[in-house]
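Data block below; observations after.
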Amino acid sequence: MKEIKNLLIIGIISAIVTFTFSCSNSEKKSKEIPKKQVEGVFPFKMPTEKPNIPLSASSERMFDYPTPRVQDNELFSQFKYTRLKGFDYNDGDGTISRRDPSRPILVDGTYYVWYTKRHTKVPPIGWSRAAEATDDIPSTDWDLAEIWFATSEDGITWEEQGVAISRPEKPKSGWRSVATPDILVWKEKYYLYYQAFDEPSGLRGDLCPVSISYADSPNGPWTHGGDKVIPFGKENEWDHKATHDPQPLVRNGKIHVYYKAAYNKWPDNRSNYAVGHGLAIADDPLGPYTKHPLNPVMQSGHETTYWPYKEGVATLAIKDGNERETIQYAKDGVNFKIASCVSLVPSAGAPFAADAFTDTKNGRGFTWGLSHFINAGKAKKSYSIIARFDCDLSLDYDEPAYKSTGVWHKPDVYFAQGTGSINKHPEGRGVKQK
Ligand code: AAL
């Protein structure tokens, strides 16, 4: 009896304690959320800062971007394209191709660009037929290619100057093809980074490492400076089969090279592929390069497009990944976050970023660059062309024409996509195959 009494007393005391505690807690909570917050409604005039009211996930995210309104966002732009003058493509018969331009640089009032040039007897046969490629028959558009360069006074009319890096004798690295160059200016020397193929691309995926050559003048002559400068990852690491699209920047007194690798089941099944971008850092352009421990630093995009922006680095992610067609920014050059979504993005975009090599702590962005279209040719006459794009991704310009968000394609662009095989499945549209 005594025990039951004791239990009852303990129960009553603990109920009183719990009640008192929860009352004071809810008082505290209601103090933390002032009445106006609970009742706030998103205002008509766009707030410059996150309003102190309950927000939906989408409204919350608006304030994670550089500005809540995209039209005010320095990292948003439309892209407008111009055909280049001065390049001959043999009437588009697929035997001449130019693609993957370097970033243009300005030297003594003249713009220079380097690019992949393929001039073969026949157009490429496609990489699924890479085993049939010969010394004269290219597998892909960038097989049997060399690195050429051109100059311009205005960025629109270009004069092709000749070959910068030709294919070395077999079995030197790049004997099969040298492609996809980019340029670095460092301590009054010029460095070309490029992909060096020792087999027709497509044979075992797009297997190739990066080589480097240097010169005292952008006109050359170029001295071979090393092969496999960005080392492949170890077996089963994401970049163990390719280091593509090298793009050097100067940051914190060092060379920062962003590069791309396609991974996940590549090359055995291309439809499973994913694309990542890594960062490799060196004190000297020729290396040795140390890979960043957080690689891949970008999991969307295809060819690399990185530029100094404010104190960090911005990038344009095109084509691949969940975050394709976005511009992203990382204060540390490593941890990128989406700054805007963009349309009609330049493929293999190579911006004219005057401060790419100045080790700036206040990157200004750019207003134009070069890019490529890889589908310039008709069936079996495949080739690519280089084009110019203009935009307003510069902190020093304000061009409202580039800030409108609508891009209106003609209906033909949509109809030309076709319906694919989705309607042909016997059980009807979109039914998953078991
Ligand atoms: C591209 C680039 C690299 C690839 C191939 C040629 O546009 O990503 O250069 O190897 O396709």
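Simple spin-label model, 7 Å along Cα-to-Cβ: D91 to D412 in nm? Taking the simple label geometry, D91 and D412 are separated by 2.2 nm. Computed with a 1.4 Å probe over protein heavy atoms only, the accessible area of I96 comes to about 10 Å².
Whole-Hz Karplus values for the stretch 187-199 come out as 6, 6, 10, 10, 10, 9, 9, 7, 7, 10, 9, 10, 7 Hz, taken residue by residue from phi with 6.51 cos²θ - 1.76 cosθ + 1.60 and θ = phi - 60°; glycine and proline positions read x. Each distinct pair of alpha carbons in the chain adds a 1/r term; the inverse of their mean, the Kirkwood radius, is 24.5 Å. Sparse packing (at most 14 other Cβ atoms within 10 Å of the Cβ) combined with a DSSP loop state is found for the following trypsin sites (Lys or Arg not before Pro) in the stretch 281-338: K319, K331. For R129 and R204, what does the FRET efficiency come to when R0 = 22 Å and r is the distance between their Cβ atoms, rounded to the nearest 0.05? Once the sixth-power term is evaluated, E becomes 0.95.
Between amide H atoms placed 1.01 Å from N, distances below 5 Å from S340 occur with I327, all of them 5 or more places distant or on a separate chain. Solvent-accessible surface of the chain, averaged per residue with a 1.4 angstrom probe and all protein chains in place: 54 square angstrom.
Across F42, F366, the residue with the most accessible area heads the list, and the full order at a 1.4 Å probe is F42, F366. Computed from the C-beta positions of A274 and L294, the FRET efficiency with R₀ = 22 Å rounds to 0.85.
For the stretch 96-154, applying the loop criterion from DSSP together with a ceiling of 15 other beta carbons within 10 Å to the trypsin sites (Lys or Arg not before Pro) yields K121. Taking amide H atoms as placed 1.01 Å from N in the peptide plane, the amide H of G321 lies under 5 Å from those of G301, each 5 or more residues away in sequence or on another chain.
Go through K117/K170; K170/K265; K117/K241; K170/K380; K319/K381 and tell me which ones have a Cα-Cα distance over 27 Å in this structure. Cα-Cα > 27 Å for K170/K265; K170/K380; rest within. Spacing of the modelled spin labels on S59 and D396, each 7 Å from Cα toward Cβ, amounts to 4.1 nm. For the chain, the longest principal axis of the alpha carbon atoms and the long axis of helix 2-32 meet at an angle near 50°.
For G278, the residues whose amide H sits under 5 Å from its own are Y259, K260, A261, V297, ignoring neighbours fewer than 5 places away on the same chain, with H placed 1.01 Å from N. Loop-resident GluC sites (Glu not before Pro) (DSSP state other than H, G, I, E or B) in the stretch 281-374 with no more than 13 further Cβ atoms inside 10 Å of their Cβ: E311. Using a probe of 1.4 Å, the accessible surface attributed to V122 totals some 60 Å² when neighbouring protein chains are kept in position.
Evaluated with a Cβ-only charge set (Lys, Arg +1; Asp, Glu -1), the chain carries a dipole of roughly 1800 debye about its Cα centre, given to the nearest 20. Extending 7 Å from the Cα toward the beta-carbon at both N375 and W186 defines two label points whose distance is 3.8 nm.
Treating r as the C-beta distance of N52 and K319 and R0 as 30 Å, the FRET efficiency rounds to 0.15.
The portion of the accessible surface of the chain made up by carbon and sulfur, rounded to a whole percent, is 53 (1.4 Å probe; DNA, RNA and ligands excluded). For the stretch 71-415, the relative contact order works out to 18 percent when only alpha carbon pairs closer than 8 Å and six or more residues apart are counted.
Based on the convex hull around the alpha carbon atoms, the stretch 186-274 presents an average projected area of 6.9 nm². Here the Karplus relation 6.51 cos²θ - 1.76 cosθ + 1.60, evaluated at θ = phi - 60°, turns the backbone of the stretch 243-258 into coupling constants of 10, 10, 6, x, 9, x, 10, 9, 9, 6, x, 10, 8, 10, 9, 8 Hz, with x for every Gly and Pro. The Cα trace of the stretch 146-228 gives Rg and Dmax of 13.6, 41 Å, the first to one decimal, the second as a whole number.
To the nearest 10, the accessible area of T367 is 40 Å² with a 1.4 Å probe. Ranking M298, M46, M62 from most to least accessible surface, computed with a 1.4 Å probe over the protein chains only, gives M46, M62, M298. The listed residues F415, F79 rank as F415, F79 when sorted by accessible area, largest first, using a 1.4 Å probe.
The values are calculated or read from the model by the stated rules, or taken from the named source; none is laboratory data. Quantities reported herein were computed from a predicted structural model and do not represent experimental measurements. Every residue, glycine as well, gets a Cβ built from its backbone with ideal geometry; the counts of neighbours run over all protein chains shown. Heavy atoms of the whole protein, side chains included, go into the accessibility calculation; ligands, DNA and RNA do not. Shrake-Rupley method; radii C 1.70, N 1.55, O 1.52, S 1.80 Å.
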